[in-house]
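*Asks:* Have a look at this one.
The values are calculated or read from the model by the stated rules, or taken from the named source; none is laboratory data. Quick caveat: nothing in here was measured; it's all calculated off a predicted structure. All Cβ positions, glycine included, derive from the backbone under ideal geometry; neighbour counts span all protein chains shown. Remember, those area values only see protein heavy atoms, side chains included, never the ligands or the DNA or RNA. Shrake-Rupley method; radii C 1.70, N 1.55, O 1.52, S 1.80 Å.
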Amino acid sequence: FYIHVAEEQIDGWVAYRLIEPGYVGWRQLGLYQRELSSFHESAIITNRKTTTTCLNCHEFPSYSPESMVFHARGANGGTIVYDEGKLQKVDFTTIGLKKNVTYPSWHPQGRYIAFSANFTRQIFYVEGRQQVEVFDTSSDLLVYDAKTGEAVTDPRFATPESLETFPTWSPDGKYLYFASHSADSVVTTFFPDMQYDLLRVAFDAESKTFGQEVDTLYNARVMGGSVSHPRVSPDGRYLVYTLSDYGTFPIWHDEADLKMLDLETMEHVDISMWNDPESADSYHVWSSNGRWMVFGSRRLDGRYTRLFIAYLDKEGRPCKPFLLPQEDPRHNVWRLRSYNKPELINGKVSLPRNAEDMFVEE
């Protein structure tokens with residue numbers, strides 16, 4: 001039987017990381033891809049050859065499977081960039097800010113990749129439902145030029161007094177959006193009033209420079225909460241972000257919800273239908289036509305993140321989300337893995353066979 005949702009197409013594949021929702025162990029994880037018109041799933045790359053390596057933060061330019069970037073954390077790790085058939089490992093400790101980079105966003109023109117360079121720590125609670133808090137003691141912004149191998153930096157976004165993270169480009173590549181927390185001094189430990197604003201700065205791709213004006217789109221101190229994971233719709237009309245009470249790792253916050261800002265009116269759109277009031281709703285991605293959103297939620301059991309798909313009509317009205325279909329619905333109970341950072345792509349990724357060899361410990 002058929003269930004009619006909407007006429008508009010969705011991109012054919014979704015990529016994600018499968019990982020146990022733990023704190024220190026990742027002996028079995030990988031980046032995978034699922035064909036949405038079937039139940040076919042295949043590995044993009046895994047850590048089977050080196051189980052001490054953590055793979056994370058995958059990103060694709062303009063929904064294309066022909067290029068991608070991801071990080072391999074470990075003894076022989078680095079940032080793996082696959083672009084136009086060329087595979088390379090970039091050591092960011094030798095260029096730019098001379099720090100390992102974290103969250104990426106690929107510029108629509110394909111030449112630049114914006115990164116945040118985060119120094120991340122975690123603490124554990126002795127009581128309560130929340131087990132862990134993940135936070136940054138420092139984080140800065142840089143833009144990597146994949147053509148020249150250079151890193152573009154701006155001193156305003158590389159100071160210890162402010163923590164910039166989660167960069168994302170506007171569809172035309174003229175603006176970089178990011179989350180930022182202003183600290184009175186160097187951050188050395190987590191404090192529960194760490195709240196992140198949503199900021200925007202212009203970027204000139206020809207001169208590789210940022211504009212002088214920095215716009216505040218969401219002031220956390222005035223409006224409350226903390227912003228993470230901003231993503232702009234392909235038509236530039238809407239921006240969806242995750243809002244939690246505090247911090248910058250909302251997947252561990254039960255109160256975390258998706259919020260939508262209309263960039264034309266600067267008013268928020270009611271998408272409460274997409275959220276679960278008792279469980280974290282977090283990582284999200286737009287479809288290439290702007291009519292669909294795939295996001296992660298822990299609403300089934302509070303522990304494992306599954307993928308949900310939601311439709312947004314042309315008038316900006318959200319529709320009820322539904323769980324990523326499985327051939328056997330019991331699969332959602334049997335698979336003891338979380339779906340992390342969904343990314344929609346318009347085809348199947350095929351990395352060169354030697355990709356895993358680039359981060360195997362020598």
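*Asks:* Just name the residue that is nearest to Asn118 (Cα to Cα) out of those in region 173-196 that are among the polar types (S, T, N, Q) and surrounded by 12 or more Cβ atoms within 10 Å (Cβ to Cβ).
*Replies:* Per the stated criteria, the residue is Ser180.
*Asks:* Residues in region 1-25 that are within 19 Å of the chain's Cα centre (by Cα) and either open to solvent by 80 Å² or more (accessible area, probe 1.4 Å) or without any contact (Cβ under 8 Å) to a residue 24 or more places away in the chain (or both): how many?
*Replies:* Looking only at that region, the number is 3.
*Asks:* Would you check which residues across region 152-172 are within 18 Å of Phe119 (Cα to Cα), assigned to a strand (DSSP E or B) and either over 21 Å from the mean Cα position of the chain (by Cα) or not β-branched (Val, Ile, Thr) (or both) and list them?
*Replies:* Ser162, Leu163, Glu164, Phe166, Pro167
*Asks:* Read through the list (1) in contact with a helix residue (DSSP H, G or I) (Cβ under 9 Å, 6 or more places away or on another chain); (2) modelled with pLDDT of 95 or more; (3) within 21 Å of Asn47 (Cα to Cα); (4) of a type in the set (Ser, Thr, Tyr), then give the number of the only condition that Tyr339 fails.
*Replies:* (1)
*Asks:* Out of everything in region 120-150 that is closer than 22 Å to Glu278 by Cα and of a type in the set (Asp, Glu), what residue ends up being surrounded by the fewest Cβ atoms within 10 Å (Cβ to Cβ)?
*Replies:* Glu127
*Asks:* Confirm whether Thr137 is under 20 Å from the mean Cα position of the chain (by Cα), of a type outside the set (Phe, Trp, Tyr) and closer than 27 Å to Pro234 by Cα.
*Replies:* Spelling it out, it is not the case that Thr137 is under 20 Å from the mean Cα position of the chain (by Cα), of a type outside the set (Phe, Trp, Tyr) and closer than 27 Å to Pro234 by Cα.
*Asks:* Same structure, new question: Please state which one of Met266, Met260 is modelled with pLDDT of 95 or more, within 25 Å of Glu59 (Cα to Cα) and of a type outside the set (D, E, K, R).
*Replies:* Only one candidate passes the filter, namely Met260.
*Asks:* When you check Asp204 against the structure, is it farther than 30 Å from Gly22 by Cβ, open to solvent by 40 Å² or more (accessible area, probe 1.4 Å) and touching a Gly at 6+ places or on another chain (Cβ under 6 Å), yes or no?
*Replies:* Here the answer is no, as Asp204 does not meet what is asked.
*Asks:* Among the listed residues Pro160, Pro167, Pro155, identify the single one that is within 14 Å of Val201 (Cβ to Cβ), without any contact (Cβ under 8 Å) to a residue 60 or more places away in the chain and not polar (S, T, N, Q).
*Replies:* Pro155
*Asks:* Follow-up question, since we're still on this one. Can you tell me which residue within region 90-101, out of those that are in contact (Cβ under 8 Å) with a residue 40 or more places away in the chain and within 22 Å of His181 (Cα to Cα), is surrounded by the fewest Cβ atoms within 10 Å (Cβ to Cβ)?
*Replies:* So the residue we want is Leu97.
One line per residue, one yes/no per condition, for (1) small (Gly, Ala, Ser); (2) farther than 22 Å from Trp274 by Cα:
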residue	(1), (2)
Val187	no, yes
Asp193	no, yes
Ala202	yes, yes
Ser207	yes, yes
Gly211	yes, yes
Val214	no, yes
Pro234	no, no
Val240	no, no
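*Asks:* Looking at this structure, is Leu87 open to solvent by less than 60 Å² (accessible area, probe 1.4 Å) and within 24 Å of Tyr177 (Cα to Cα)?
*Replies:* Taking the combined requirement at face value, the residue does not satisfy it.
*Asks:* Give the number of residues within region 240-258 that are buried (at least 22 other Cβ atoms within 10 Å of the Cβ) and touching a His at 6+ places or on another chain (Cβ under 9 Å).
*Replies:* 8
*Asks:* Give all pairs with beta carbons closer than 9 Å in which a residue from region 121-149 that is in a loop (DSSP other than H, G, I, E, B) meets a residue that is loosely packed, with under 10 Cβ neighbours inside 10 Å and of a type outside the set (Asp, Glu); count only pairs at least 6 apart in sequence or on separate chains.
*Replies:* Hits for this filter: Gln131/Phe124.
*Asks:* For region 291-305, which residues satisfy the criterion of being over 17 Å from the mean Cα position of the chain (by Cα) and not hydroxyl-bearing (Ser, Thr, Tyr)?
*Replies:* Within region 291-305, Arg291, Arg299, Leu300, Asp301, Gly302, Arg303 qualify.
*Asks:* List every residue pair whose Cβ atoms lie under 7 Å apart, where the two residues are 6 or more positions apart in sequence or sit on different chains, the first residue falls within region 102-119 and is open to solvent by less than 10 Å² (accessible area, probe 1.4 Å), and the second residue, located anywhere, is of a type in the set (D, E, K, R) and modelled with pLDDT under 95.
*Replies:* From region 102-119, the pairs are Ala117/Lys99.
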